[in-house]
Amino acid sequence: MRRLFLLLVLALSFTFSFSQDRSKVDSLTNILHNSDYDTAKVFALKWLAWEYYFAGSDSTDYFLDRMVDLSKDLNYTKGLWDAYNIKGVVYYTDAAYDSATITFNKAFALSTDDKYSKEKIYSLKYSGESLKRSAKFKAADSCFKRIVEVAKTSNDSTSIAKGYKAVAQNHYAQGDFRAALKYHFKADTFMVNDITIDHAENFQNIAHVYNALDNPKAEMRYYKEALKIYEKMDDKYGINAIYKSLGAMENANKNHNQAREYLEKSYSYFKDYNDPLMLAGIEYQLGLSHHSLGNTDQALVYYNQAASRVEGTEGSSLPANLYRDMGRLFGSRNEPDKSILYFKKALDNALRVGNIQSIELALEALSDAYFAKGDYREAYNTLKRHGFYNDSINVIYRDKALHELEAKYQTEKNEKQIDLLTAQNELAQNEKKTQLYILLGIVLIVLVIAVVFYVLYRNRQKLTKKLRQLDSARSHFFANISHEFRTPLTLIKSPVEKQLAQPGLSVEMQTDLKVINQNADRLLALVDQLLDLSKLESGHLQLRVAHADLFSDIRAMASAFRYLAEQKSIGYTLLIDDTTNLYWYDRDVVEKITVNLLSNAIKYTGESGEVKLTATVAGNRFKLSVKNTGEGIPKEEIDRIFERFYQTDDSHEGVGIGLALVHELTTLHKGHLNYSGEESGWLEFVVTLPVDRASFSTGEFATPERIKAVTGSRATINSHPYSSPVNDQHPDEQSENDATHPTLLIVDDNTDIRKLVKGLFDTDYKVLEAENGRLGIEIALQTIPDVIISDIMMPGVDGVELAATLKQDERTSHIPIILLTAKAGEANELIGLETGADDYVVKPFGNELLKVKVKNLVNIRAQLHKRYSRELVLSPKEVTVTSTDEKFLQRVQALFDEKLTDPQFNAQVFSTEIGMSRMQLHRKLKALVGCTTSELIRSQRLKLAAQLLQKGGVNMSEVGYTVGFNDPSYFSKCFKEFYGHSPSEYAESHSTG
């Protein structure tokens, strides 16, 4: 209690006086009234509050209230935080725990920024302590566990340990000793430096728990561990507190001489410490030692000193124990009157505290004393009271009930006074009613006007909504048309690419195939342009401006057309600035503008003509000029060249949709598009775009982190550093181990697409097929494949629903899913990836691209499995990708925590407890962590054994039995296969004990 209070105060202040210093108060008052700095005034109020608090003055609240008000006016968060926490300290030390909790919670609410993480932990700590003192243990537990959460965000292992220690002490206060022990051990794992007071105090608390669990060996061991640390840190308080505990323990073990040595050391230190309860406890234990050794005179000296210190003490069971043992001492000296006197004092104290066990022991001792004196009547009466001691306790409860009735009476009295005041106010309220009616009339008129405007507004909103629905329907139409085009284009391009890759093709065949491929690409480009125009008109195409090297991008885009120009014998000139400055622009928009202008220029330039591209930046404006020789456009038709498919007459080819798209994209990028040219000679299109940051709004910038397709933390490794007996494995597991190819599931409603994809993978993969999403889900749940390739647009259950369903199911959440679709564009890609899909491929796709994506998913998983094989313990966040996988492995970890050391725990029990078939669990674990069910159980048992061996001083056979092995020789064999050393060799080389 003493240390807790001092920590509470010292955490908020550096130095302060425990008595009011007049000169210091005058100095602080001078700062408060004369300082030009408001924060200095807040500082002065803080220290004035402390000065008056330690002087026992009521002025503390006055200064703290002023500190709160001034900090709020200044919006000074740190000052407000200090004020609330000091008020919390005041309430806490006054035992006003509910008020303390509220005030510390106010302080916590201010600590929302990461830089206040220490303050968050502080406020949570003492809010929890206040709740614990109020016996609100569940709420206190939430506060202490929140400390752990906050500390983990900043990897603050010291605070994590303190949080777990607080949780443990909360369980100890409730008598839940095993839970207390569990959390004390958790706290110990986060104390990275052994030489700390926190570590010693944690050992000391563990010893207290073992005392309550009646395990003296463990209790002694942890007391001594704590003592070692206190001695290294030269912490006198801690050393002597341990001496007191060891003395009490040796008394209980009847080692009274050893107990006396410990207690006398402790007593010599605490004599000057002015801690009455601590000194009384030591004197009581010294009295016990001397009494047990037959030194009754010396024992009586210590008992009397302890009695003088605890006189009038409330809420402690020490006086009852002390008086009871004093009565026994006088009984042993044949002084029955004094013996009876002290047994009565013990009984009175026990009744006040309400400790049922102390009451029973006092009555029993008193009855024996009367019997020894020969007063059989009183002995009998006292024995009857011993049988009905609850009656004595009920007296206390009746007293409490009387106080509650009195409080209720005062409450009713106050309520009557309130009723009287209410009646007096009714008269004043009637006078206000007239004014209220006038006000209601005005409000009614305003309301009618508002309704009229609202109806007009609603009609306008409905019209707008219908227009948006029309735009959306048009966009869906183009998207569906795109899907219908892209599927046959995929079936055209893939076989063509496959044939072009074959050696020995004739020149004529290669030429024909290239023409087919080029025209498929041209058709695909036209589909994309239609989609882009649809998105522009519906407002779905948004800028994504980023900071990049503009001229390098333009140079790369323009260079791609050099080969096409050479084929038509066209002179092709690029005049692009050589600087490498970075500018703000949407690369996709600039690329489409550049590509369309160059494509049109080369298309409409005859042989031996010229095309010239110029790119410059002047000020904050980018200027792109594309010129070509050819027939000009009449002036009267210039305004129409940006219409889709505009054609001057039947003898000229139309402009298609390229220029219309360029015009719309230029407008979207806040730029201008101009045309100039004679009716014959040069034609020039000039695009001017802003490229400075200030020209764009916040929502038009690209996100800082691009969406990444998670390709997995899940892999399969083919071997482990240990071998498993064949009879440990289920037939499902053995058959799976024999498989040489991963399993690939293809889900698509188009038979030709399925055949095409199957042809790409059937050599290296075991390929399964499903003609719709519903069947795909069923097959996936039955077979647990290694990879799934699914189309998005399917009747019934589509690809998005399939991905969402499988990613949310524990049995299949680990399976990588590639969505295969005709819906191009980032928005559609995001929809697919947000379902948990691992990659997204747009039709028509390149055969090699799809094969590489699948291969990469498997390779990345294999790398992660190798990494897992080196980990000491199962760590869900390191092994998994989806939250479903993480939850699954957390359930596995919880099951291991409960059952791993049980020798009956095997693969069958594992699958039953986890709620999966043995095959499903086997394939799930193989995919996530790269080993079978039996291998995982064995590896975790061996890793647990290694942890025990590292502590040193343990029996090898006991370690094997402890972690679940029935046969010590089999345990040694498995351990050596796994770690390369026998258990004894490993313990010698890794022991930290």
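Laboratory data are not the source of any read-out in this text; all were calculated from the coordinates shown. If you're wondering where the values come from, they're calculated on a predicted model, not measured in any experiment. Glycine gets a Cβ as well: all are built from the backbone with ideal geometry, and neighbour counts include every protein chain shown.
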- For LYS627, go through the lysines and keep the ones whose alpha-carbon is under 23 Å away, minus same-chain ones fewer than eight residues off. LYS568, LYS592, LYS603, LYS612, LYS635, LYS670
- For the peptides 250-256, 791-797, what is the packing order when you average, over each peptide's residues, the other Cβ atoms within 10 Å and list the highest mean first? 791-797, 250-256
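Length gain on complete extension for the stretch THR464 to GLN435, per 0.36 nm per residue less the alpha carbon to alpha carbon distance?
Details: separation 29, 0.36 × 29 = 10.44 nm, distance 4.29 nm.
Once the chain is fully extended between THR464 and GLN435, it gains 6.2 nm.
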- Dipole of segment 68-207, positive end: most advanced residue of ILE160, ALA179, ALA100 [Cβ charges, Cα centre]: ALA179
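Report the extension gain between ARG377 and ILE449 in nm, rounded to one decimal, defined as 0.36 nm multiplied by the number of residues separating them, less their alpha carbon distance. Intermediate values should be presented prior to the final figure.
Values: separation 72, 0.36 × 72 = 25.92 nm, distance 9.48 nm.
Full extension from ARG377 to ILE449 adds 16.4 nm.
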- Let me know the whole percent of all Cα-Cα pairs from segment 135-234 that are separated by more than 22 Å. 29 percent
- Which lysines, on any chain, are close to LYS338 with Cα under 28 Å apart, when same-chain ones fewer than 8 places away are left out? LYS254, LYS373, LYS384
- With a 10 Å Cβ neighbour count serving as the proxy for reagent exposure, in which order, fewest first, do ASP234, ASP188 appear? ASP234, ASP188
- Item | Spatially proximal lysines relative to LYS106 (Cα-Cα < 19 Å; intrachain offsets below 8 disregarded) | LYS46, LYS72, LYS78, LYS87, LYS115, LYS118, LYS120, LYS125, LYS132, LYS136, LYS145
